[in-house]
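Asker: Before I ask anything, let me first share the structure, which is written out below as structure tokens.
The values are calculated or read from the model by the stated rules, or taken from the named source; none is laboratory data. The model shown is predicted, which means the values in this text are computed figures rather than measured ones. Here the Cβ is made from the backbone with ideal geometry for all residues, glycine too, and neighbour counts use every protein chain on show.
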Amino acid sequence: MLSRFLEISLHSPDILTSLDFYRGLGFKELLTSDAHPHPYAVTSDGRACIGLHQRAADAPVISFVVPELAAVVARGLPEGLEPIYTRLGEDDFHEAGFVDGDGHVLTFLEARTFSPPAFGSDETSLLGYFEGIVLPSSDLDTAAARWESLGFVALDDPESSAGSVLLTSDALNVHLRDRAQNREPALLFSGPDLEARIALLKQRDFAFEQEIPGKRGACLKTPEGLAIRLLGDS
């Protein structure tokens, strides 16, 4: 199945507050279309595109562009995706939502809903380089096969530990992790000088939920409740 990553969609009851949070991290707001009937904004660091939706939804929802969506859905989607809703009428902006075997929600849309970000190749936010999204899984082999059927490619990652699988696509890495060790989704960022990045974020009043002294790692939460994990360089 040919799909292109669009955004990580989050339920944001207060979009202006959310935008202020991401601006403080160095993200920029992007120009959106009027495809959605509800208030909607997108913010990005050039790699991580986060859609802020003022509608109820499980967080996060991973959204993709699938051209000719109605025909794709009619032919049948990969095994392991259960439909939640479809909007495929003649007057609809075509969209379909599905849940996978691990309870993660995926949305497919007919076309983009915002302009692509324009960033320099070396631009990053204060978080560092966006490494992808961490998703807990109860069955890594089955989950990996499902993501491969969506167009992702499993990689041999020498830094992956037991109980993890790394998959990549055009613009998103998915880090599948054994649910016994990782119970919630998270955005993953890496970069040099982890301690300096943490100190700078604290100066800007960002509160960390977890820091691991002597080890690589720190965690904070977005206003929408999604975890952000910071790592140092390997």
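Asker: Please find, among Asp233, Asp122, Asp170, Asp156, the residue that is modelled with pLDDT under 90, of a type outside the set (Val, Ile, Thr) and touching a Pro at 6+ places or on another chain (Cβ under 7 Å). Walk me through how you get there before you give the answer.
Answerer: Working: Asp122 fails: touching a Pro at 6+ places or on another chain (Cβ under 7 Å); Asp170 fails: touching a Pro at 6+ places or on another chain (Cβ under 7 Å); Asp156 fails: touching a Pro at 6+ places or on another chain (Cβ under 7 Å).
When all the criteria are applied, what remains is Asp233.
Asker: Also, I was wondering about something else. Which residues, taken from segment 107-125, are in contact (Cβ under 8 Å) with a residue 40 or more places away in the chain, of a type in the set (A, V, I, L, M, F, W, C) and assigned to a loop (DSSP other than H, G, I, E, B)?
Answerer: Ala111, Phe119
Asker: Only one of Ala162, Ala171, Ala199 is free of Cβ contacts under 8 Å to residues at least 60 places away in the same chain, closer than 30 Å to Pro13 by Cα and assigned by TED's automatic domain parsing to the domain that holds Gly151; which? Explain how you work it out, then say what you get.
Answerer: Details: Ala162 fails: closer than 30 Å to Pro13 by Cα; Ala171 fails: free of Cβ contacts under 8 Å to residues at least 60 places away in the same chain.
After ruling out the rest, the residue left standing is Ala199.
Asker: Within segment 98-108, is there a residue that is touching a strand residue (DSSP E or B) at 6+ places or on another chain (Cβ under 9 Å), surrounded by fewer than 18 Cβ atoms within 10 Å (Cβ to Cβ) and over 20 Å from Phe152 (Cα atoms)?
Answerer: No, the conditions are met nowhere in segment 98-108.
Asker: While we're looking at this one, here's another question. Taking the stated definitions as given, is Gly132 of a type in the set (Gly, Ala, Ser) and modelled with pLDDT of 95 or more? Quick ask: steps written out before the conclusion?
Answerer: Values: of a type in the set (Gly, Ala, Ser): yes; modelled with pLDDT of 95 or more: yes.
Considered against the rule, which asks whether it is of a type in the set (Gly, Ala, Ser) and modelled with pLDDT of 95 or more, Gly132 comes out as yes.
Asker: Continuing with this model, one more query. Residues Thr222, Thr142: which one is more than 19 Å from Gly80 (Cα to Cα), modelled with pLDDT of 90 or more and among the β-branched types (Val, Ile, Thr)?
Answerer: Thr222
Asker: While we're looking at this one, here's another question. Considering only residues that are over 17 Å from the mean Cα position of the chain (by Cα) and more than 20 Å from Asp92 (Cα to Cα), which ones fall in segment 27-58?
Answerer: The one that is over 17 Å from the mean Cα position of the chain (by Cα) and more than 20 Å from Asp92 (Cα to Cα): Leu31.
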